[in-house]
Structures are given as C-alpha cells and as structure tokens.
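Heads up, the thing below is written out as structure tokens.
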Amino acid sequence: TGATWGATGRTFDGVDDGIVVVNLHKNRLTLEAWVKSSDITQTYRGIVTQRFTTADADPYHEYGLTVEFAQTPTMHVTTGGVRKSATGSIALTSWTHLVGVYDGSNITLFINGIAGTPVACTGDINDYGQVLQIGRYYSSGTGSTFAGLEGEVRGYSRALSAIEVQRNYQATKWKYGL
C-alpha cells in the first residue's frame with residue numbers, strides 16, 4: 001500500500017497509498033484520527049472511508065471521515081440510500097484531531113475534542129459490500145488518496161460519548177504538539 005511510518009503516524013503520498021482494514025459496519029460507529037495534510041489543494045481525500053462503489057456516483061460512501069475542498073473535514077453516513085454529512089473547518093497544515101460519530105440518530109463531527117452541530121440521520125447504515133480504507137476515498141486504484149500524515153487512527157463499532165472523545169483528545173494531543 002505504500003504508506004510509511006513516521007514519528008507520529010503513517011505518511012500517505014496522495015498518489016496511491018492506502019490501507020485496507022476490517023469493516024466496522026454497524027448501526028452505530030465512531031471514526032477517529034489525527035491528521036496533518038501536506039497538500040491543502042486536495043479535494044475529496046479519504047481519511048477513513050467505507051466507499052459505496054468505485055463509480056463516481058452518489059451516495060459515495062457507506063460511511064467515512066474525509067477532507068473535502070482542502071480544509072473541510074466531513075463525516076458521511078448513508079442510510080436508506082441517502083448520504084448525510086456533518087462538516088467543519090480547519091487548517092490542515094497543522095495537526096488536528098477529528099472524530100466522526102454516528103449514534104443512530106445523529107452524525108456529529110468533533111474537531112480537537114469540540115463537538116460540531118449534530119446532523120439528523122436515522123436508520124441502518126447501508127451495506128454495499130465495500131472495504132474500509134485508511135488514506136483513500138476510493139475502494140481501489142488511485143484517486144483521492146490522502147497526502148500527509150495520519151496518526152492514532154481508530155474505528156469503533158459504537159458511538160463514543162462526548163466525554164470519551166474529549167478524553168481521547170486530551171490523552172493524545174501531547175504527541176502532536178498541542
């Protein structure tokens with residue numbers, strides 16, 4: 001996959017690096033990562049995603065934590081064939097802690113331990129049979145791979161509470177100079 005280890009996480013080249021991991025497909029989940037982009041011109045870059053298909057067609061994801069338009073972190077969840085997203089805004093050339101939580105009723109994106117506005121989303125997450133990827137937006141091949149560093153990447157088959165997200169942020173921020 002090409003992603004190499006650095007002092008604080010894996011380095012992704014933005015060309016073809018990615019890691020395939022076991023699926024978390026559940027009806028409640030949390031995706032978490034520290035990220036630092038080395039290319040703020042990127043659009044639609046996968047941090048941790050379970051893609052809908054390799055075709056460029058909506059709904060794009062079963063679920064995923066991505067960076068869109070260079071500085072817009074986004075948590076996507078698809079239920080009932082409809083993708084909904086919670087977004088935020090950051091400067092990705094600095095280390096940032098991102099956590100996307102789906103609790104069965106809402107999608108919430110946390111940035112550096114602070115919750116954004118929840119987006120209503122209910123139902124079972126659609127299962128399109130794709131794999132969970134770290135560092136890629138697509139399920140295979142090249143395209144929309146993350147350029148930069150990802151550290152402390154975690155996936156949970158449950159929704160973390162705001163207290164748990166804050167605890168994880170506080171426990172790891174020293175590694176990233178915060």
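The values are calculated or read from the model by the stated rules, or taken from the named source; none is laboratory data. No experiment lies behind these values; they were computed from the predicted model shown. Neighbour counts are summed over all protein chains in view; Cβ atoms, including those assigned to glycine, are modelled from backbone coordinates with ideal geometry. For accessibility, only protein heavy atoms count, side chains too; no ligands or nucleic acids. Shrake-Rupley method; radii C 1.70, N 1.55, O 1.52, S 1.80 Å.
Tabulated data for the structure shown
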item	result
Where Rh is the Kirkwood radius over Cα pairs, Rg/Rh for the stretch 119-178	1.03
5 angstrom amide H check on Glu62, placed H, neighbours 5+ away	Gln50, Arg51, Phe52
Fraction of accessible area attributable to carbon and sulfur, the stretch 97-178 (%, probe 1.4 Å)	52 percent
The stretch 75-131: C-alpha gyration tensor shape, a/c 1.5 cut-off, then a/b vs b/c	prolate
For the stretch 73-178, convex hull volume per residue from C-alpha positions, Å³	113 Å³
Cross-link reach list, lysines versus Lys26, counting only Cα pairs under 17 Å and skipping chain neighbours closer than eight places	Lys84
Hits among lysines - C-alpha to C-alpha of Lys173 under 18 Å, sequence gap 8 or more where chains match	Lys36
Cβ crowding within 10 Å averaged over residues, with 71-83, 166-178, 105-117 ranked highest first	71-83, 105-117, 166-178
